[in-house]
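**Student:** Structure below; questions to follow.
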Amino acid sequence: MRLAEVPERRGASGGLQRMEKGAQSGPDLPFHVGHAAPAVWLTSALAAAALLLAGCATVPEDLQPVPEVQAGVAEVRADPEAFVGETVVWGGNIARVENLAEGTRLEIVARPLGRDQRPLDVDRSAGRFHAFFPGFLDPQVHAPMREVTVRGRVDGVNEGTIGEFGYTFPRVLVDSLHLWPVPEPEPRVIYRDPFWDPWSPWGPSWGHPWHRGRW
């Protein structure tokens, strides 16, 4: 197919310029790429800001400030005297709650923490530790398997057992404790085979929708 020829006209500079079909003749207006730049930069800036906000996580106020460098559970367990007095933010799942005369002791299965300092749902742990809170914590609320993060100071270790196995628990004196809400269950999705119709008067269908019954 042959394209229609586009008429040409001479601009003020004397050079040939092509006019698009349907365009009206008028004075030459210079086109600057920079005119579109502000909109492009604004769009890029908004997109970058959205990505930045999505990548940021809010740390609860009761856990701030989070130490930039801190010892892990395994490190303290291996050499507790080297870290006594250091501030740590540890978290995990509650395994046991003991209400004592002077406070509450939580036995916690340590988990890696996310950017918001919430324990991650992973099958990985650096071990268990004891978190001593100078007050009463209801064991029905701070129940086993609940996610918790504590901020406090390393205070040595406790010798104890897990079942009949001897275990050394790093001990943290809790300054603040954050009990995380129970995650909402994921909605159940039911998939239905479009070719299965048990209520059809001709019985279930196989293959295609127009192929019904038994032949």
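**Student:** Say whether the condition of being over 19 Å from Glu61 (Cα atoms), hydrophobic (A, V, I, L, M, F, W, C) and more than 27 Å from the chain's Cα centre (by Cα) is met by at least one residue in segment 177-192.
**Tutor:** No, every residue in segment 177-192 fails to be over 19 Å from Glu61 (Cα atoms), hydrophobic (A, V, I, L, M, F, W, C) and more than 27 Å from the chain's Cα centre (by Cα).
**Student:** Considering only segment 166-200, state which residues are modelled with pLDDT under 75, exposed (fewer than 15 other Cβ atoms within 10 Å of the Cβ) and in contact with a Gly (Cβ under 9 Å, 6 or more places away or on another chain).
**Tutor:** Correct list: Phe195, Ser200.
**Student:** Let me ask you something else. Count, please, the residues in segment 115-168 that happen to be part of a loop (DSSP other than H, G, I, E, B), of a type in the set (A, V, I, L, M) and touching a residue at least 60 places away in the same chain (Cβ under 8 Å). Steps first, please.
**Tutor:** Kept after step one, since they are part of a loop (DSSP other than H, G, I, E, B), are these residues of segment 115-168: 115-118, 120-127, 134-146, 163-164.
Next, from what is left, pick out any that are of a type in the set (A, V, I, L, M): 120, 122, 126, 137, 141, 143, 145.
Narrowing the set further to residues that are touching a residue at least 60 places away in the same chain (Cβ under 8 Å) leaves none.
Final tally of qualifying residues: 0.
**Student:** Select from segment 53-94 the residues that are of a type in the set (A, V, I, L, M) and over 24 Å from the mean Cα position of the chain (by Cα) and write down the one among them that is surrounded by the most Cβ atoms within 10 Å (Cβ to Cβ). Before the answer, list the steps.
**Tutor:** Going through segment 53-94, the residues of a type in the set (A, V, I, L, M) turn out to be 53-54, 57, 59, 63, 66, 69, 71, 73-74, 76, 78, 82, 84, 88-89, 94.
Among the residues that remain, those that are also over 24 Å from the mean Cα position of the chain (by Cα) are: 74, 76, 78, 82, 84.
Working: Ala74: 13, Val76: 29, Ala78: 14, Ala82: 11, Val84: 13.
Across segment 53-94, the extreme among qualifying residues is Val76.
**Student:** Another question, if that's okay. For residues in segment 111-145 being aliphatic (A, V, I, L, M), crowded, with 18+ Cβ neighbours inside 10 Å and in contact with a Leu (Cβ under 8 Å, 6 or more places away or on another chain), which is farthest from Ser176 (Cα to Cα)?
**Tutor:** Checking each candidate, the answer is Leu113.
**Student:** Mind checking whether some residue in segment 87-97 is at pLDDT 90 or above and assigned to a loop (DSSP other than H, G, I, E, B)?
**Tutor:** For segment 87-97, residues at pLDDT 90 or above and assigned to a loop (DSSP other than H, G, I, E, B): absent.
The values are calculated or read from the model by the stated rules, or taken from the named source; none is laboratory data. Here the structure is a predicted model, which means the values were calculated and not measured. Every residue, glycine among them, receives a Cβ derived from its backbone with ideal geometry; neighbour counts consider all protein chains shown.
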